[in-house]
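Values quoted throughout were computed directly from the atomic coordinates according to the rules given, and no laboratory measurement underlies them. On a predicted model such as this, the values are computed, not experimentally measured, just so you know. Cβ sites come from the backbone with ideal geometry, for glycine too, and all protein chains shown count toward neighbours.
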Amino acid sequence: MSITLPFFSAIGVYTDQNFNEIKQELKTQGFSSGLLLSQSPLTADTFFKQAQPCLDENLEITDFSQLETPFIYSPNYLNAPDSKTLYQVLIKAKLHEVTYLSSPADHHFLNHGDMHEGEISFKLGLRGISPLAEELIISRDIEFSRNTGCAIHFLYISSARSLHLIKLAKKEGLPITVGVKLENLIYTEKDCDSFNSDFKYYPPLRTKEDLMALQSGARHGDIDIITLGMITKPVADNDQCFQASPFRSLDVKDFIANLMTHLLKQEILSQKDIERLLCTNPKKIFQLQEESQSHIKINPTTNQIHFKEGPCAS
Amino acid sequence: MTSLPLVLESIGDLEDKHLTKIFELAKSFKEGSKSIPPSFFPNSPPLIATNFFENSTRTKLSFTVAIKRLGAIPIDLGKTGSSLAKGESLRDTFLTQKAIGVKLSIVRSSNSGELHRFKESAPYALINAGDGMHQHPTQALIDIFTMQELGLNIQGATMAIIGDCLHSRVCHSLIDLFPRMGGKLILCGPKGCLPEFKQSKNIRIEHDLKKAVKSADWIYQLRVQKERHKVFNNRGFFKEYFEQYGLSLHKFEKWNIESLVFNPGPAAIGVEISTDLIRSKYYMGDRQVEHSVPLRMSLIYLLLERLHQEGQL
């Protein structure tokens, strides 16, 4: 039996310098649309939906009347805007029916960290990133959403507590949606043991309890999408220690294979779950359009993936 | 005996029989009953590099003295003034040293786990002289050797480590070594200096200094590494540190304590320890420094012995 998906994905790419290469790679792998967090407005592009920074180069609030996109984000992904600034941004965003894409990270608590703050970071003598850095911003932004009515999509979460806060907000009916990176649905801090910098992801891999909560959230609809990308700095011929290595993301070409091997085959997520998390929800949240009618066929037994032009038969 | 591993990164790299041999040999060097056999260096004395990419007084001096006492030749390289500052990789630096005849390198780095990736393909023998907040295995070995030489029985004893356990590489190595020698540890300090740690039967966390020192047979004091704190590093967070976690003769008298105090140095007088205590009979910091040379001679000797047996000298 093969699995057929009309493929979409939410993609957070924080640089547009290598935009054409990323686009090509995504197309080759069968993705048909995505979201680009771009520092500068792009020429019309049918593949990427674009989000624009909420602050300009002078750190002034962007001119909403000139926005070419219904999505804004903080220009610095490791530094959420201060409360006063964001409050004003969200008031304007609500007026213009723009969704704020939140990167939940309070840089005061990032601690110049390399991985999750816990048992393994202590053992390895590495600086830890406390989940508090994420949870503080999520709490704050939820309060702002309640106050302003502005829709907020959290680009990623990594802790069980973050998910809990978001579940409460959704239950209350606030316009909140959330993504999770595939890495955080598959691996834990233990994979960083032995200084394996292949697992130096951001947000950091956290505990088994966090992993299980996120998997459950993805299965039960509390998490809306699986996010790909975010940081796409290429790491070629890395001969640096873990601490000196840059954060990385799961490679586009490894994305589907990891999804199949670790989630579908293990029956953590069903085909329907995956379709919802990678196709239906991203399309709805980010108002994505397919560039062409295309779909991918996956053979779960062999992990073979076939990218097909033309409409999805099923 | 199984030879010492070619890369000594952490305490976990050493088997129990290694520990026994290291301490025995260190004692022989201390007592002057051991010297390098004439056949050890058939051609010329080996070159040993001291690659210290971070500041050091005690560790670097004692390694240099140990190298000279063994009749080897130390060559020194720091980060500034070398091609590392121009962007050359550490691996290429090691290979360059190997090409000019270096057999063993002592490395200090600010990066945790800096030597880990060399374990599978070591260019030459490597000893970790402290890597970031990860490990300082030779210091922990010196500490245990000093305790043994002072006649302290570690088996069944409890040692209270007071201070910045989270950011201390010495603490990490002691956590790995002290329980292996049969002892128990209490880690004591304020939040921000202690790990989010699952306590075990051999290690417990204690925030109350009096409780920690009263429950311990002796004390090991660590410096607050303010330069490594990124969250708790401003607005006077450590203003009352001495009052809460500093050690002084006054506290010893008030709490009726007569414990030895070990400290790997440098000790910050007035911040973590009082002048009167550091000058007292309880303070063992100088004894640790005294033992650093024979212990480091022992390690270097055992690695040179391995290279000699493998025909690499």
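Mean-square fluctuation check for chain B, GNM, Cα pairs under 10 Å: which of B:SER110, B:SER121, B:SER274 is largest?
Ranking B:SER110, B:SER121, B:SER274 by mean-square fluctuation puts B:SER121 first.
Whole-Hz Karplus ³J(HN,Hα) for region B:171-188, in order, using 6.51 cos²θ - 1.76 cosθ + 1.60 and θ = phi - 60°, x for Gly and Pro?
Going residue by residue, I get 4, 4, 6, 5, 4, 6, 9, 4, x, 5, 8, x, x, 10, 10, 10, 9, 10 Hz, with x marking Gly and Pro.
Using only the alpha carbons of region B:160-313, what is the convex hull's orientation-averaged projected area in square nanometres?
On the way: hull surface 45.1 nm².
That works out to 11.3 nm², a quarter of the Cα hull's surface.
List the relative contact order of region B:51-128 as a percent without decimals, with contacts defined as Cα pairs under 8 Å and 6+ residues apart.
37
Just to check I understand the Karplus step: with θ = phi - 60° and J = 6.51 cos²θ - 1.76 cosθ + 1.60, what whole-Hz values come out for region B:283-293, glycine and proline as x?
7, 10, x, 5, 5, 4, 5, 4, 7, 5, 5
At a 10 angstrom cut-off on C-beta neighbours, averaged per residue, how do the peptides A:152-162, A:207-217, B:84-94, A:273-283 rank from highest to lowest?
Details: A:152-162: 24.7, A:207-217: 18.1, B:84-94: 14.3, A:273-283: 21.3.
Packing proxy ranking, top to bottom: A:152-162, A:273-283, A:207-217, B:84-94.
How long, wide and thick is region B:1-136, going by the Cα atoms along their three principal axes, in whole angstroms, largest first?
Reported extents, whole Å, longest axis first: 45, 33, 30.
If I model a spin label at B:TRP255 and A:ASP254 as a point 7 Å from the Cα along the Cα→Cβ vector, what separation in nanometres do I get?
Each label point lies 7 Å from its Cα, and together they span 4.9 nm.
Expressed as a rounded percentage, what relative contact order does chain B have, with Cα pairs under 8 Å and six or more residues apart? Numbers along the way, then the final one.
On the way: 528 pairs, mean separation 65.9, N = 313.
Relative contact order, chain B: 21 percent.
To the nearest whole number, what is the average tally of beta carbon atoms from other chains within 10 Å of the beta carbons of peptide A:126-133? It would help to have the intermediate numbers written out before the result.
Numbers: counts 6, 8, 3, 0, 2, 0, 1, 1.
Partner-chain Cβ atoms within 10 Å, mean over residues of A:126-133: 3.
Pop the C-beta distance of A:ILE91 and A:LYS171 into the FRET formula with R0 = 41 Å and round what comes out to the nearest 0.05. Mind showing how you got there, number by number?
On the way: r = 24 Å, r/R0 = 0.60.
Once rounded, the FRET efficiency stands at 0.95.
Give me the percent of Cα-Cα pairs in region A:37-140 that sit more than 22 Å apart, rounded to a whole number. The partial results should precede the final answer.
Working: 2184 of 5356 pairs.
Above the 22 Å cut-off, region A:37-140 has 41 percent of its Cα pairs.
Rounded to the nearest 20 Debye, what is the dipole magnitude of region B:10-85 about its Cα centre when Lys and Arg each give +1 and Asp and Glu each give -1 at the C-beta? Spell out each step's value before the answer.
Values: 10 positive and 7 negative charges, 54 e Å.
Its charge dipole is roughly 260 debye.
Looking only at other chains, what is the average number of their beta-carbon atoms within 10 angstrom of each beta-carbon in B:110-118? Write down the numbers at each step before the final one.
On the way: counts 2, 10, 11, 11, 6, 2, 7, 7, 1.
Per-residue shielding by partner chains comes out at 6.
Of the listed peptides A:222-228, B:133-139, what is their order by residue-averaged count of other C-beta atoms within 10 Å, with the highest listed first?
On the way: A:222-228: 25.7, B:133-139: 27.7.
Those peptides, ordered most packed to least, come out B:133-139, A:222-228.
Report, to two decimal places, the Cα Rg of chain B normalised by 2.2 N^0.38 Å (N = number of residues).
1.02
Under 5 Å between amide H atoms, partner at least 5 residues away or on a different chain: which partners does A:LEU269 have, H built in plane at 1.01 Å?
Counting only residues 5 or more places away or on other chains, the set is A:LEU264.
Evaluated at 37 °C with a viscosity of 0.692 mPa s, what Stokes-Einstein diffusion coefficient in µm²/s does the protein assembly as shown have when Rh comes from the Kirkwood expression over alpha-carbon pairs? Kindly include the intermediate steps, with their values, before the conclusion.
On the way: Rh = 27.4 Å.
Roughly 120 µm²/s, to the nearest whole number.
Using a 10 Å cut-off on Cβ to Cβ distances, tally the other chain neighbours for every residue of B:178-190 and report the average as a whole number. Spell out each step's value before the answer.
On the way: counts 0, 0, 0, 0, 0, 0, 0, 0, 0, 0, 0, 0, 0.
Rounded to a whole number, the mean comes out at 0.
Taking amide hydrogens as modeled 1.01 Å from N in the peptide plane, which residues meet the under 5 Å criterion relative to A:PHE154, leaving out close sequence neighbours?
Placed amide hydrogens put A:SER102, A:THR177, A:VAL178, A:GLY179 under 5 Å from A:PHE154.
Roughly how many nanometres apart are two label points built 7 Å out from the Cα toward the Cβ at B:ASP286 and B:LYS211?
With each label point 7 Å from Cα toward Cβ, the separation is 3.6 nm.
From the backbone phi of region A:81-97, what are the Karplus-calculated ³J(HN,Hα) couplings (6.51 cos²θ - 1.76 cosθ + 1.60, θ = phi - 60°) in whole Hz, Gly and Pro given as x?
Using θ = phi - 60°, the values come out as x, 5, 4, 4, 5, 4, 4, 5, 4, 5, 4, 5, 4, 4, 4, 9, 6 Hz.
Sticking to Cα atoms, compute the Rg of region B:256-313 to one decimal and its Dmax as the biggest Cα-Cα distance, whole number, in Å.
17.8, 58
Would you calculate a helix-derived [θ] at 222 nm for chain B, using -39,500 (n - 2.57) for each DSSP H run of n ≥ 4 and dividing by the full residue count, to the nearest 500?
Working: 10 runs with 106 residues, N = 313.
Value at 222 nm, helices only: -10000 deg cm²/dmol.
A:HIS116's amide H: which non-local residues (gap 5+, or another chain) put their own amide H closer than 5 Å, with H modeled 1.01 Å from N in plane and none for Pro or chain starts?
A:ILE129, A:LEU205
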